[in-house]
1. How high is the relative contact order of the range 26-123, in percent, with contacts defined as C-alpha pairs under 8 Å that are six or more residues apart?
2. Net charge near A215: determine it from the other residues with C-beta under 9 Å of the C-beta of A215, scoring Lys and Arg +1 and Asp and Glu -1.
3. What is the percent carbon and sulfur in the accessible area of the range 100-239, measuring with a 1.4 Å probe over the protein chains and ignoring ligands?
4. If r is the Cβ-Cβ distance from Q365 to A236 and R0 is 35 Å, what FRET efficiency results, to the nearest 0.05?
5. Please list, ordered by chain and number, the residues whose modelled amide H lies under 5 Å from the amide H of S17; skip anything fewer than 5 residues away on the same chain.
6. If packing is taken as the average number of other Cβ atoms within 10 Å across a peptide's residues, how do 248-259, 97-108 rank, most packed first?
7. Give the relative contact order (percent, whole number) for the chain; include only Cα pairs under 8 Å separated by 6+ residues.
8. Given axes a ≥ b ≥ c from the Cα gyration tensor, I'd like to know whether the range 273-340 is rounded (a/c under 1.5), prolate (a/b larger than b/c) or oblate.
Amino acid sequence: MSKVKLPEIFFALNGGSYFMELIPGKFVPLSSSDVKSHLQLQGHNTDLKNDEGLSHGNEIIAKAQIHKYVDYAGPLAGYEAGFYTMPGNKRVLVTDSVRPVKPGKSKKCPRIETFLGELFDNQGEYVLAWLKIALESLLRGNFMPGQLLVLAGPPGCGKTFFQWFVTQLLGGRSAKPYRYMTGQTQFNSDLAQAEHLPMGDVAASYDIRSRKNFASQIKEFCVEPEMSIHGKGKEAITLQTFRRLTLSVNDEPEHLLIIPPLDNDISDKIILTKCNHATLSEDRNENQAEFLGELPAFAAMLADWKIPKAIKDSRFGVRAFHHPDLLDVVEGSAPEHQLLSIIDEVLWANDTKEDVSFWKGSAEQLKVRLMNTPHASTISRLLYWPAACGTYLARLKQKMPKRFVATKSKGKTGWVIWKENNNAD
């Protein structure tokens, strides 16, 4: 047998390929014949037979299948290349290393600072904190959860360029998650291989069901450490990955409807920023080269910068921020506000008597009342699940406790809804 040290050879059960580290930090998929060719190049006599008549090359291949098999082989967001034993005794070969930008010696990055200052104005601390936490979490490998960063602004203001900037800061790998998040595809192996998951210019569905489903996906992507990874033609496997989401959207009200209603379940998982026009050269390559040159200095600046105590958060590192101008639009499209506008129109539109100042009944009675109006089709879409009416009334009670009062009788909840101009305490 050859005295040359054998390289590590892994066999992937999820694809049938063999992997060798032909380039430092990068494992390359190979066929069995390719493996033998590379072994020969390294000085191994693969034709030499053992006492059982098995060639040295085939013996190496067989031992890799028995002792060096892995359940998953491929890039994995947040990991250095190498072999890992994951929870549940899952054997994983990460084939390519994450390469986030590391802090340089200089902290001077005037071009980047000017761009971010123009784009985000007085929201900049929240964005810097979001970037700092993401980069430091990636460099440490502790996979801290992070909110969806929404960039809402006019076309051409620099939103998409900022998303490119985030991708470069986090190592240069990105994948678009919207089709998977909205059920248009069941395959997501590309998402598991990218640290940055940007969305923008999507053909979005704006109905309330789609927006609520989108909200549940945002919650899972932002908070859940594990991802069920399903490649086409392969078995799904659940592994922990690093990920950060951004969404670029024009700031017209109809485009902002892609953002789900900011209820208690999702509001802390979204940072909603209003973007202004930032100065960029007309030459995109020139912009990219200039920003890439300043990235190590920017990383050093982030490492040195302290997140203000007032915006710190124990879970995400930074509190959620919702720009008030955008919040008004998003909140106005929330299902409870849509219900409120119909309630006001139906219950009070024909009222001319001053003493008729409230409506009283159950959530189901209210739904029946509203269904017997020209708003029936809207109410049917809005209150499509059994407890919807009661749930939205409870939300309105939180926001307008003087107008919406819950009552209890024989274990059942009833409602008193006052006119908008009532002065009752």
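1. Values: 86 pairs, mean separation 19.9, N = 98.
Over the range 26-123, the number comes to 20 percent.
2. On the way: positive: R211, K212, K219, K269; negative: D263, D265.
Net charge in that neighbourhood comes out at +2.
3. Numbers: 2860 of 6070 Å².
Carbon and sulfur together cover 47 percent of it.
4. On the way: r = 46 Å, r/R0 = 1.31.
FRET efficiency, Q365 to A236: 0.15.
5. Sorted by chain and number, the residues that satisfy this are A12.
6. Values: 248-259: 18.5, 97-108: 15.7.
The packing order, highest mean first, is 248-259, 97-108.
7. Details: 682 pairs, mean separation 64.7, N = 425.
That works out to 15 percent.
8. On the way: a/c = 3.92, a/b = 1.52, b/c = 2.58.
Oblate shape, in that a/c is at least 1.5 and b/c is the bigger or equal ratio.
The values are calculated or read from the model by the stated rules, or taken from the named source; none is laboratory data. All of these numbers come straight from a predicted model, not from anything done at the bench. Every residue, glycine among them, receives a Cβ derived from its backbone with ideal geometry; neighbour counts consider all protein chains shown. Just so you know, the surface numbers come from the protein's heavy atoms only, side chains and all, with ligands and any DNA or RNA stripped out. Shrake-Rupley method; radii C 1.70, N 1.55, O 1.52, S 1.80 Å.
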